[in-house]
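Read through the structure below, which is laid out as structure tokens, and then see the notes.
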Amino acid sequence: MDVSKEDEQCLISIREALEVVRGKWSILVLTLLSLGPQRFNQMRRNLDNISIKSLTDVLRHLERYEVINRQVFPTSPVTVEYSLTDKGKAYIPVLRELRIWGENWGEHPKLVDDSKTSLQHKR
């Protein structure tokens, strides 16, 4: 079966999007940041299995693609906070759809209270 030019462009666009959110942790980091700005150690605690190196690598990767913003505050010790850029915020609907898919097809039961998350279903 031949792929049409439109389908080929679709595959290219999806491949480019997957390059930005590649790896095990990127989507989870984006999900945390969709809830609001976070400091490095907050994210480490919330992603309890992630190593310092892995989190650092993911944050640098997402920052390089301008999906997250890294803001340094001149405190002692220095405080660094991460947040979503407009480009990162544009990914929130995808995160919502992933949540819906996971709820419908994942093997784990729902573990969060819907009233406490910004990734609630928008109907």
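The values are calculated or read from the model by the stated rules, or taken from the named source; none is laboratory data. Bear in mind that the values here come from a model prediction, so they are computed numbers and not experimental data. Cβ atoms come from the backbone with ideal geometry, glycine included; neighbour counts cover every protein chain shown. Protein only, heavy atoms only, side chains kept; ligands, DNA and RNA dropped before computing areas. Shrake-Rupley method; radii C 1.70, N 1.55, O 1.52, S 1.80 Å.
Ligands, DNA and RNA left out, the accessible area of the chain computed with a 1.4 Å probe is 53% carbon and sulfur. Under the simplified labelling scheme, the residue 1-residue 89 pair shows an inter-label distance of 3.9 nm, with each label point 7 Å from Cα along Cα→Cβ. Helix screen, the chain: DSSP H segments with Cα axial length of 15 Å or more and mean Kyte-Doolittle hydropathy at least -1.0 are 5-20, 52-64, 92-105. Calculated [222 nm] ellipticity per residue, helices only, for the chain: -15500 deg cm²/dmol; basis is -39500 (n - 2.57) per DSSP H run with n ≥ 4, divided by all residues, nearest 500. A protection proxy built from the mean count of other Cβ atoms within 10 Å ranks the segments 3-11, 47-55, 59-67, 89-97, most packed first, as 59-67, 89-97, 47-55, 3-11.
Taking all protein chains into account, the per residue accessible area for the chain stands at 75 Å² (1.4 Å probe).
log₁₀ I(q)/I(0) of the chain at q = 0.11, 0.16, 0.19 Å⁻¹, via Debye over equal Cα point scatterers, no solvent, to two decimals? So the normalised log intensities work out to -0.45, -0.88, -1.15.
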